[in-house]
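Asks: The structure is given below, and queries will be raised subsequently.
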Amino acid sequence: MSEIIKPKRTIIPFGPQHPVLPEPIHIDLVMEDETVVDAIPSVGFIHRGLEKLVEKKDYNEMVYVAERICGICSFMHGMGYCEAVEHIMDVEIPDRAKYLRTIWCEFSRLHSHLLWLGLLADGFGFEALFNECWRIREKVLDMVELTTGGRLISSVNKVGGLIKDVTPEMLKAMKETVIQVEKELKPVANTFLNDYSVKSRLCGSGILTKEEAIALGACGPMMRASGIEVDLRKTGYAAYDNIDFDIITSNDCDGYARCAVRIGELFQSVEIVRQAIDKIPDSEEVSVKLKGNPKGEFLMRLEQPRGEAFYYVEANGTKFIDRFRVRTPTFANLAPLIHTLKGAPFADVPLLVLTIDPCISCTER
Amino acid sequence: MENYGRNIVEIPLEKLVIVASEERDKGHRLAQACASYVNDKYELLYSFVDGYEMVTYKLIIDTDTEVPSISRICFPAFTYENEMKELFGVKIKGIVTDYNDKFYRIQTKTPFLKKGDK
């Protein structure tokens, strides 16, 4: 009788330093030959404990800490914190501020998704595509710099609205920029969606079904690429309730679907910026005066470029807040990532890690 | 729709596992869980979402109370529970993947337990 030989298991450490990872995360890959059978992630290499600073900074100063959680998601971290405190204080900010927040949110999404597309192209060795994505991204960042004063850390949000307004010339320049970006994006999108080498690496890899996405708590493009039609912008925060857009989903549930959803969202962001600029009201005020200190608790949810982010604020009526908690999309997508890695060939691991669009700075806030 | 942020329901500790099972059976997604240390007690929040609707369950417990893990019911809870355990020192029993205080590579033990000087 022939003896059944069980394949040997080997543990291969992936990260914290790896060519596809701009930030540190470590995954122990349990391998049987070339196949991953289990994956154990660990984080915490750059944990900064920023949430804890809420006990030492007053609630107005905390905006600047919140937006330093991560460079890429900076604007929306600041905004998420402000919106949570504004809900607690029952503050309604001026409509113009709501529209400007919407516009800058979409500029954040544009540069975040372009950054990710570039990293993905770099991940499978398509350097020309990487260069093209990051070249277009520069135009978006230039416009953020022109209108806010900062390329990544904009510091324009405050509790009660915005610190600064934009001029009509700036709005015109923003609109021209997104039109130009849209034009230059088309050939890039065509390559990502139709090129043989891209499809051969992404199609059918890292399958996450709709049921699995729900059970594992996936969020953002990762969830929408599994056919779940949820986009928190539809809850109507900022000025999104006045913007007409459809949720972009895919039923393919693989790495290619995640790429396609993000590419669709790039064009959608261009359209949202156009609509918001056309609808923005003229007014002199972009903020309201605050009375007293916040007291109460609120859980704010935003659709960050990488997915659903939570901002929990518990305030006690003093200028210091008891608890500020941020749950970032990457943290939620860790469990789905483990699932997609199981059964994958070793060579696909870097791309599968990339398809969740990991942001470790956010995770290690 | 944004009123979901105020939909916070306080529950006793013994109902946590029951509530988590009910939410899972309804097909709802565990969206986040976190701890706070307020007035010398822990406040634990578990948020479940169904599309855009969300309900958050809140437990207020003493610091020496043992909390059952819900990671066997909702697998993604293991990351949140490891975080609560390491940053706040919440005593959570039965986490599916327990990192034994090595989820975050931090030098200070339970750094969020002590209140900062204002």
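The values are calculated or read from the model by the stated rules, or taken from the named source; none is laboratory data. Remember, it's a predicted structure, so these values are computed and weren't measured experimentally. When we count neighbours, we look across all protein chains shown, and the Cβ atoms used for this are built from the backbone with ideal geometry, even at glycine.
Asks: Taking the options A:Asp95, A:Asp90, name whichever one is under 26 Å from A:Phe310 (Cβ atoms), within 14 Å of chain B (Cβ to nearest Cβ) and surrounded by fewer than 18 Cβ atoms within 10 Å (Cβ to Cβ).
Replies: On inspection, the qualifying residue turns out to be A:Asp90.
Asks: Still on this structure, please answer the following. If A:His26 meets every condition in (1) without any contact (Cβ under 8 Å) to a residue 60 or more places away in the chain; (2) surrounded by fewer than 17 Cβ atoms within 10 Å (Cβ to Cβ) apart from one, which number is that one?
Replies: (2)
Asks: What's the number of the condition A:Ile12 fails, among (1) closer than 30 Å to A:Glu127 by Cβ; (2) aliphatic (A, V, I, L, M); (3) crowded, with 18+ Cβ neighbours inside 10 Å?
Replies: A:Ile12 satisfies all of (1) closer than 30 Å to A:Glu127 by Cβ; (2) aliphatic (A, V, I, L, M); (3) crowded, with 18+ Cβ neighbours inside 10 Å except (3).
Asks: Checking A:Met300 against (1) out of contact with any Pro (no Cβ under 9 Å at 6 or more places or on another chain); (2) more than 23 Å from A:His87 (Cα to Cα): exactly one of these is not met. Which one?
Replies: Only one criterion in (1) out of contact with any Pro (no Cβ under 9 Å at 6 or more places or on another chain); (2) more than 23 Å from A:His87 (Cα to Cα) is unmet by A:Met300, namely (2).
Results for (1) of a type outside the set (Asp, Glu); (2) buried (at least 17 other Cβ atoms within 10 Å of the Cβ); (3) touching a residue at least 12 places away in the same chain (Cβ under 8 Å); (4) within 13 Å of another protein chain (Cβ to nearest Cβ), shown as yes or no for each residue.
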position	(1), (2), (3), (4)
A:Gln17	yes, no, no, no
A:Leu50	yes, yes, yes, yes
A:Glu55	no, yes, yes, yes
A:Asn60	yes, no, yes, no
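Asks: When you look at A:Gly227, is it among the small types (Gly, Ala, Ser) and surrounded by fewer than 20 Cβ atoms within 10 Å (Cβ to Cβ), yes or no? Spell out how you get there, then give the answer.
Replies: Numbers: among the small types (Gly, Ala, Ser): yes; surrounded by fewer than 20 Cβ atoms within 10 Å (Cβ to Cβ): yes.
When the stated conditions are applied, A:Gly227 passes them.
Asks: Restrict the check to region A:293-305 and report whether at least one residue is farther than 25 Å from A:Met89 by Cβ, at pLDDT 90 or above, surrounded by 18 or more Cβ atoms within 10 Å (Cβ to Cβ) and more than 10 Å from every other protein chain (Cβ to nearest Cβ). Steps first, answer last, please.
Replies: Initially, region A:293-305 is screened for residues farther than 25 Å from A:Met89 by Cβ, giving A:305.
Add one more test, that the residue is at pLDDT 90 or above, and what stays is A:305.
With surrounded by 18 or more Cβ atoms within 10 Å (Cβ to Cβ) added as a condition, the list becomes A:305.
Filter once more, so that each one left must be more than 10 Å from every other protein chain (Cβ to nearest Cβ): A:305.
Within region A:293-305, one or more residues are farther than 25 Å from A:Met89 by Cβ, at pLDDT 90 or above, surrounded by 18 or more Cβ atoms within 10 Å (Cβ to Cβ) and more than 10 Å from every other protein chain (Cβ to nearest Cβ).
Asks: Same structure, new question: Sort out which residues of region A:23-67 are over 16 Å from A:Phe324 (Cα atoms), among the aliphatic types (A, V, I, L, M) and not in a loop (DSSP other than H, G, I, E, B), and write them in order of number.
Replies: A:Ile27, A:Leu29, A:Val30, A:Met31, A:Val36, A:Val37, A:Ala39, A:Ile40
Asks: Go through region A:309-327 and report how many residues are on the phi < 0 side of the Ramachandran plot and more than 7 Å from every other protein chain (Cβ to nearest Cβ). Show your work before the answer.
Replies: So the first thing to find is which residues in region A:309-327 are on the phi < 0 side of the Ramachandran plot, and the list is A:309-316, A:318-327.
Right, trim to more than 7 Å from every other protein chain (Cβ to nearest Cβ) and you get A:309, A:311, A:313, A:315-316, A:318-319, A:321, A:324, A:326.
Selection size over region A:309-327: 10.
Asks: For A:Val286, all conditions in the list (1) touching a helix residue (DSSP H, G or I) at 6+ places or on another chain (Cβ under 8 Å); (2) under 30 Å from A:Asp38 (Cβ atoms) hold save one; what is the number of the exception?
Replies: With (1) touching a helix residue (DSSP H, G or I) at 6+ places or on another chain (Cβ under 8 Å); (2) under 30 Å from A:Asp38 (Cβ atoms) applied to A:Val286, the lone miss is (2).
Asks: Could you list all residues from region A:333-360 that are more than 14 Å from chain B (Cβ to nearest Cβ) and either not aliphatic (A, V, I, L, M) or not in a helix (DSSP H, G or I) (or both)?
Replies: A:Gly343, A:Ala344, A:Pro345, A:Phe346, A:Asp348, A:Pro350, A:Thr355, A:Asp357, A:Cys359
Asks: Would it be correct to say that B:Glu43 is facing chain A (nearest Cβ under 8 Å), acidic (Asp, Glu) and either farther than 23 Å from A:Gly220 by Cβ or without any contact (Cβ under 8 Å) to a residue 40 or more places away in the chain (or both)?
Replies: Against the criterion (facing chain A (nearest Cβ under 8 Å), acidic (Asp, Glu) and either farther than 23 Å from A:Gly220 by Cβ or without any contact (Cβ under 8 Å) to a residue 40 or more places away in the chain (or both)), B:Glu43 qualifies.
Asks: Using the structure shown, decide if A:Thr330 is of a type in the set (Ser, Thr, Tyr), surrounded by 22 or more Cβ atoms within 10 Å (Cβ to Cβ), within 14 Å of another protein chain (Cβ to nearest Cβ) and closer than 30 Å to A:Lys56 by Cα.
Replies: Working: of a type in the set (Ser, Thr, Tyr): yes; surrounded by 22 or more Cβ atoms within 10 Å (Cβ to Cβ): yes; within 14 Å of another protein chain (Cβ to nearest Cβ): yes; closer than 30 Å to A:Lys56 by Cα: yes.
Against the criterion (of a type in the set (Ser, Thr, Tyr), surrounded by 22 or more Cβ atoms within 10 Å (Cβ to Cβ), within 14 Å of another protein chain (Cβ to nearest Cβ) and closer than 30 Å to A:Lys56 by Cα), A:Thr330 qualifies.
Asks: So, B:Thr63, is that one of a type in the set (Val, Ile, Thr) and more than 12 Å from chain A (Cβ to nearest Cβ) or not?
Replies: In short, yes.
Asks: Of the numbered conditions (1) within 8 Å of chain A (Cβ to nearest Cβ); (2) within 22 Å of A:Glu51 (Cα to Cα); (3) small (Gly, Ala, Ser), B:Gly51 fails exactly one; give the number of that condition.
Replies: Failed condition: (2).
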